[in-house]
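Visitor: Let me begin by handing over the structure; questions about it come next.
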Amino acid sequence: MSERVIRIGIVGAGANTRARHIPGLQAIPGVTITAVCNRRPESTRRVAEEFGIPHTFEQWEELVQSPEVDAVVIGTWPYLHCPVTLAALAAGKHVLCEARMAMNAAEAHQMLAAARAHPELVTQVVPAPFSLRVDQTVQELIADGTLGDLLVVNVRGVGQTFLDRESPLHWRQDPRLSGLNVLTLGIWHEILMRWVGNATRVLARARIFVPERVDPESGLRETVQVPDHLDVIADLENGAQASYQISAVEGLAGPSGITLYGSEGTLVFDGDHDRLLLGRRGDRELREVTIPPEKEGRWRVEEEFIGAIRGEEPVRRTTFADGVRYMEFTEAVARAARGGGAVDLPL
């Protein structure tokens with residue numbers, strides 16, 4: 001595989017695809033982007049001209065069947081992640097899928113089953129990026145006992161802006177496009193899963209503060225169904241208790257991040273400044289953790305995808321199996337918020 005050119009087709013050239021995936025793939029020797037299909041023909045043509053992509057398609061179904069494509073990068077909103085993945089795998093194409101993995105847990109399970117039915121093909125979900133630099137260090141500090149027994153975890157995914165009642169309906173607020181995904185919940189839980197594993201039970205309360213917004217596509221007022229604010233309490237596999245506060249209405253709320261409270265130490269990941277702060281029993285304050293360059297992670301999604309296709313490395317960030325786990329958590333939170341009771345995991 002490494003002796004021939006790997007030809008990539010892009011389905012959905014959104015902001016992250018144009019900023020990261022396309023440049024990242026084009027920078028790898030022996031990789032070429034041969035085809036693109038965006039939401040509208042005019043935007044497809046613009047992307048093709050900007051990045052020198054030779055083939056354009058008006059229908060994604062045609063792109064995934066193209067003999068000029070070996071692998072498909074899915075950069076659409078979640079509503080197309082499952083159907084494009086299933087079609088691409090059936091057509092014998094490798095798949096790199098943008099996060100969040102799917103609309104709900106059922107779709108994620110379909111995608112995983114299709115991937116397992118085609119073990120000769122590589123499947124990868126774009127990872128939550130916030131913590132890549134610090135992941136290895138956090139894992140080591142937990143494993144070597146620096147924190148002692150992990151007792152409590154606090155997760156905050158908050159914005160810095162106040163509630164805007166006049167802003168139009170965003171695609172993330174439209175369940176027809178985003179499914180059960182809420183704000184940055186899935187991103188932060190994926191990060192936490194890397195460090196301490198999944199949840200086993202969740203409770204949740206959710207609030208929508210602006211019940212209607214104008215859909216910019218139709219100009220009509222639509223009922224908002226995705227929460228503006230979410231509080232979650234979870235039991236974790238390792239016995240710790242976690243709380244999540246995910247919000248789009250907490251103006252000047254301070255940094256987003258994760259705090260791990262152990263019996264012997266406290267570790268803070270300040271996501272806004274990409275740094276770790278540590279304090280141990282007997283310390284008077286938290287101090288920033290110095291991370292050696294060789295332990296600093298970085299964004300290498302496109303390298304990993306191509307390396308896996310070439311048989312040079314496995315997919316680590318993020319596997320479809322891990323995507324299923326965070327989508328089950330997301331769905332469990334939605335069920336708990338809707339029904340008011342606890343929901344156990346796995347579903």
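Visitor: Describe numerically, in nm with one decimal, the distance between label points set 7 Å from Cα along Cα→Cβ at Ala90 and at Asp149.
Guide: Simple spin-label model gives 5.2 nm for this pair.
Visitor: Just need the relative contact order of the chain here, percent rounded to a whole number, with Cα pairs under 8 Å and 6+ apart.
Guide: 19
Visitor: Let me ask something else. Report the label-to-label distance for Glu68 and Glu49 in nanometres (one decimal), using points 7 Å from each Cα along the Cα→Cβ vector.
Guide: My value for the distance between the label points is 1.8 nm.
Visitor: Rank these for me by crowding, Met193, Met103, Met111, Met327, going from fewest to most other beta carbons within 10 Å.
Guide: Met193, Met103, Met111, Met327
Visitor: Could you compute the FRET efficiency for Arg281 and Arg201, with r as their C-beta to C-beta distance and R0 at 35 Å, rounded to 0.05?
Guide: 0.75
Visitor: Between His170 and Ala113, take the C-beta separation as r, use R0 = 45 Å, and let me know the FRET efficiency to the nearest 0.05.
Guide: The value I calculate is 0.90.
Visitor: Please compute the net charge surrounding Ala105, taking Lys and Arg as +1 and Asp and Glu as -1 over other residues with Cβ under 15 Å from its Cβ.
Guide: Here the count lands on -2.
Visitor: Compute the whole-percent fraction of alpha carbon pairs in the chain spaced more than 31 Å apart.
Guide: Considering the chain, 37 percent of its Cα-Cα pairs are separated by more than 31 Å.
Visitor: Compare the Cα positions of Gly75, Met101, Gln225 along the charge dipole of the chain (+1 at Cβ of Lys, Arg; -1 at Cβ of Asp, Glu; about the Cα centre) and return the one farthest towards the positive end.
Guide: Working it through, the farthest residue towards the positive pole turns out to be Gln225.
Visitor: Run the quick spin-label model on Val5 and Thr290: label points 7 Å from Cα toward the beta carbon, then report their separation in nm to one decimal.
Guide: Label at Val5, label at Thr290, 4.8 nm between them.
Visitor: Continuing with the same structure: Can you give the Kirkwood hydrodynamic radius of the range 166-268 from its Cα pairs, in Å with one decimal?
Guide: Taking every pair of different Cα atoms in the range 166-268, averaging 1/r and inverting gives 15.4 Å.
Read-outs: derived from the displayed coordinates by stated rules, not from any lab. All values reported here derive from a predicted model rather than from experimental measurement. With ideal geometry, Cβ positions are generated from the backbone for all residues, glycine too; neighbour counts draw on all protein chains shown.
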